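Participant: Take a look at this one; I'll ask things after.
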Amino acid sequence: MKISGAASVLGVTNLDAALKFYTEVLGFREEFRVDQYAGVCREECKIHITTLLHPHDGKPGAGSVYIFCDEVDAYYHTVVDAHANVEAPPNDYPYGMRDFCVFDPDGNRLSFGCPVKK
């Protein structure tokens, strides 16, 4: 078996509002939508969002995903200019990454990080 990718599934309360946030604020592209389940992508990153949660999935907004990228500072300014709810500006951390977190309309946490430049 060869694994070719994965997608995080995040619970939301309003799929239309979530799709608008992921496409207009974060710059993802809507890949598909089937009823109350949709997928968005940006380059190799795929995220699925849904209002249809299983009982063991928790409440909408309880999700979190870490997204690896090649830079975060310019992207941080892009999402701030689009009025995203961010936790703090990008920072270098002891685990070797420079990252920041943004929250979708339901409170799902999306971290964007790149390796710290040496």
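Participant: Among residues belonging to the stretch 80-106 that are within 13 Å of residue 22 (Cα to Cα) and out of contact with any helix residue (DSSP H, G or I) (no Cβ under 6 Å at 6 or more places or on another chain), point out the one that is surrounded by the fewest Cβ atoms within 10 Å (Cβ to Cβ). Steps first, answer last, please.
Facilitator: Narrowing the stretch 80-106 to residues within 13 Å of residue 22 (Cα to Cα): 82-85, 102-106.
This time we only want the ones that are out of contact with any helix residue (DSSP H, G or I) (no Cβ under 6 Å at 6 or more places or on another chain), so: 83, 85, 103, 106.
Values: 83: 8, 85: 14, 103: 16, 106: 20.
Filtering first and then ranking leaves 83.
Participant: Conditions first: (1) without any contact (Cβ under 8 Å) to a residue 60 or more places away in the chain; (2) over 12 Å from the mean Cα position of the chain (by Cα); (3) closer than 26 Å to residue 77 by Cα; (4) not in a strand (DSSP E or B). Residue 31 passes all but one, so which condition is the exception?
Facilitator: Among (1) without any contact (Cβ under 8 Å) to a residue 60 or more places away in the chain; (2) over 12 Å from the mean Cα position of the chain (by Cα); (3) closer than 26 Å to residue 77 by Cα; (4) not in a strand (DSSP E or B), residue 31 violates only (4).
Participant: Among the residues of the stretch 1-28, write down those that are of a type in the set (S, T, N, Q) and without any contact (Cβ under 8 Å) to a residue 40 or more places away in the chain.
Facilitator: Correct list: 4, 23.
Participant: Do we find that residue 38 is in contact with a His (Cβ under 9 Å, 6 or more places away or on another chain), of a type in the set (Gly, Ala, Ser) and surrounded by 14 or more Cβ atoms within 10 Å (Cβ to Cβ) in this structure? Give the steps one after another, and end with the answer.
Facilitator: Working: in contact with a His (Cβ under 9 Å, 6 or more places away or on another chain): yes; of a type in the set (Gly, Ala, Ser): yes; surrounded by 14 or more Cβ atoms within 10 Å (Cβ to Cβ): yes.
It is true that residue 38 is in contact with a His (Cβ under 9 Å, 6 or more places away or on another chain), of a type in the set (Gly, Ala, Ser) and surrounded by 14 or more Cβ atoms within 10 Å (Cβ to Cβ).
Participant: Checking the condition farther than 17 Å from residue 12 by Cβ and buried (at least 19 other Cβ atoms within 10 Å of the Cβ), which residue from 63, 113 passes? Reasoning before the result, please.
Facilitator: Working: 63 fails: farther than 17 Å from residue 12 by Cβ.
None of the other options fit; the residue is 113.
Participant: Let me ask something additional. Could you run through the stretch 46-60 and say how many residues are over 16 Å from residue 17 (Cα atoms) and either at pLDDT below 95 or crowded, with 17+ Cβ neighbours inside 10 Å (or both)?
Facilitator: 7
Participant: Next up: Which residues, counting only those in the stretch 89-118, are within 27 Å of residue 48 (Cα to Cα) and acidic (Asp, Glu)?
Facilitator: 99, 104, 106
Participant: Got at least one residue in the stretch 69-78 being on the phi < 0 side of the Ramachandran plot, surrounded by 14 or more Cβ atoms within 10 Å (Cβ to Cβ) and touching a residue at least 60 places away in the same chain (Cβ under 8 Å)?
Facilitator: No, that holds for no residue.
Participant: Further question on the same structure: Would you pick out the residues in the stretch 67-118 that are assigned to a loop (DSSP other than H, G, I, E, B), charged (D, E, K, R) and within 13 Å of the chain's Cα centre (by Cα)?
Facilitator: Residues satisfying the conditions are 104, 106.
Participant: Also: Quick one: which residue in 34, 65, 9 is within 24 Å of residue 88 (Cβ to Cβ) and not acidic (Asp, Glu)?
Facilitator: 65
Participant: Across the stretch 1-28, what is the total count of residues that are within 17 Å of residue 107 (Cβ to Cβ) and part of a loop (DSSP other than H, G, I, E, B)?
Facilitator: Within the stretch 1-28, residues that are within 17 Å of residue 107 (Cβ to Cβ) and part of a loop (DSSP other than H, G, I, E, B) number 4.
Participant: I would also like to ask the following. Being under 24 Å from residue 61 (Cβ atoms) and among the acidic types (Asp, Glu) is the filter here; which residues of the stretch 92-109 pass it?
Facilitator: Hits for the stretch 92-109 are 99, 104, 106.
The values are calculated or read from the model by the stated rules, or taken from the named source; none is laboratory data. Predicted, not measured: the structure shown is a model, and the values here were computed from it. Positions of Cβ are backbone-derived with ideal geometry, glycine not excepted, and every protein chain shown enters the neighbour counts.
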